Amino acid sequence: MTTWASKAFLLLLLMSLSSLLYYCAFNQPLHPQKHQADVPPRNLSILLWHWPFGRSYSLNGDKCLELYNISRCLLTDNTSAHRTADVIVFHHQELMKRLSLLPDKRPSSQHWVWMSMEPPAHLGNLTQLNGIFNWTMSYRLDADIHVPYGMTVAGGDARGSQPPPNSSCLASWVVSNYQAAQARAAFYQSLKTYIPIKVYGRWNQKYLSQRRLLPTIGNCLFYLSFENSQAKDYISEKLWRNAFEAGVVPVVLGPDRETYEALAPPGSFIHVADFKSPADLAAHIKEVAADRRAYERYFQWRQTHRIKTYTDWRERLCQICIKYRSLAAHKVYHDLQGWTKGGQV
């Protein structure tokens, strides 16, 4: 065969191979990949082992879809389904009070979630729970399922600022679990010597119903959003609901300023750590209260942001289905107490 003939033969062979590869690529069935992409995930079954603090909600029907537009996420509180559930959620307080015990055995494909919305100081000794739970569900930003008390979202009101209420009430505080050893108690005792503070709650027998809570707080200019414990990421309803939903300026005592700045609306709060003493803070509060423009600046965030609060446990449970596929399947918390205090798994 001549050199020219050899080249022609090779060229024809390459063209034939190219055609064959093209045909295979576009005509061979690709059912496995297509099936995985087209078929949505199966329904996930989330079992709540016990209702937090004994307050239950209806789980009839498809609540995640009906209430929050989250599909393929079925909630149940029927403990007899514990062998078939994909995930079981255990609320910490009921476990520690032994109001409910763990199931005897867990199927290998099932995941257990430890849930708590309380700071470490209120959790007790967790060593007995080591090596049991796969995932955590908490206000902590680094929890496997992050379920905050509230959050800042984009989208504000063009009206923006908040006019100060026509009231003689300067500041208020709602507190039930008052303990003299708490940092907030000491700060309050000093602050009240400089400014008047109206106090409500079980502590001083001035209990406010849920209906009266926000209107009462909203009659004042400022609200003491003092957390009962200073812990990593712990910002409770005292800020999100009591202050922001009541429409007043929160004076916060909890995590550091950087944490509040990362989570709360910009320029929306006064942090006690910015002042050398309660006397300096009181002077600033009086100054802002006397200056309408200064007061309204704390509400400019409403032009660009709004607040979402979480009060229904069902919404928190539905978040598990959103996160499920991204969670580590074989994770186990061998030092749960270490994690709650900011350490590692």
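Kindly indicate the residue of region 162-202 that is of a type outside the set (Val, Ile, Thr) and in a strand (DSSP E or B) and also modelled with the lowest pLDDT among those meeting that condition.
Gly201
Read through the list (1) in contact (Cβ under 8 Å) with a residue 40 or more places away in the chain; (2) part of a strand (DSSP E or B); (3) not charged (D, E, K, R), then give the number of the only condition that Leu99 fails.
Result: Leu99 passes all but (2).
Quick one: which residue in Asp233, Asp274, Asp256 is over 23 Å from the mean Cα position of the chain (by Cα) and not assigned by TED's automatic domain parsing to the domain that holds Val113?
The unique qualifying residue is Asp274.
In this structure, is Ala294 loosely packed, with under 15 Cβ neighbours inside 10 Å, in contact with a helix residue (DSSP H, G or I) (Cβ under 6 Å, 6 or more places away or on another chain) and not in a loop (DSSP other than H, G, I, E, B)?
yes
Report, by residue number, each residue of region 124-157 that is of a type in the set (Phe, Trp, Tyr), closer than 18 Å to Lys238 by Cα and in a strand (DSSP E or B).
Within region 124-157, none qualify.
What are the residue pairs meeting all of these: first residue in region 316-345, first residue closer than 20 Å to Leu129 by Cα and not assigned by TED's automatic domain parsing to the domain that holds Asn130, second residue of a type in the set (Phe, Trp, Tyr) and outside any loop (DSSP other than H, G, I, E, B), Cβ atoms under 9 Å, and 6 or more apart or on different chains?
Listed pairs, sorted by first residue: Val345/Trp339.
Pairs under 9 Å by beta carbon, first residue closer than 18 Å to Arg98 by Cα in region 46-58, partner acidic (Asp, Glu) and modelled with pLDDT under 95, six or more apart or different chains?
Trp49/Glu94; His50/Glu94; Trp51/Glu94; Pro52/Glu94; Phe53/Glu94; Gly54/Glu94
Based on what the data block shows, is Ile307 surrounded by 20 or more Cβ atoms within 10 Å (Cβ to Cβ) and β-branched (Val, Ile, Thr)?
no
Out of all the residues in region 138-154, which are of a type in the set (S, T, N, Q) and either surrounded by fewer than 21 Cβ atoms within 10 Å (Cβ to Cβ) or within 20 Å of His330 (Cβ to Cβ) (or both)?
The answer is Thr152, and nothing else.
In this structure, is Phe90 assigned to a helix (DSSP H, G or I), touching a residue at least 24 places away in the same chain (Cβ under 8 Å), in the same structural domain as Tyr333 (by TED's automatic domain parsing) and within 30 Å of Gly254 (Cα to Cα)?
Taking the combined requirement at face value, the residue does not satisfy it.
Of the residues in region 71-85, how many are buried (at least 19 other Cβ atoms within 10 Å of the Cβ) and part of a loop (DSSP other than H, G, I, E, B)?
Matching residues across region 71-85 total 1.
Report yes if some residue within region 287-296 is in contact with a strand residue (DSSP E or B) (Cβ under 9 Å, 6 or more places away or on another chain), closer than 28 Å to Ala121 by Cβ and not acidic (Asp, Glu); otherwise report no.
Within region 287-296, none of the residues are in contact with a strand residue (DSSP E or B) (Cβ under 9 Å, 6 or more places away or on another chain), closer than 28 Å to Ala121 by Cβ and not acidic (Asp, Glu).
Could you please find all residues in region 210-230 being farther than 18 Å from Val272 by Cβ and either of a type outside the set (A, V, I, L, M) or not assigned by TED's automatic domain parsing to the domain that holds Tyr260 (or both)?
Selection gives Gln210, Arg211, Arg212, Pro215, Thr216, Gly218, Asn219.
The values are calculated or read from the model by the stated rules, or taken from the named source; none is laboratory data. Source: prediction; values computed, not measured. FYI the Cβ positions are ideal-geometry reconstructions off the backbone, even for glycines, and counts take in every protein chain you see.
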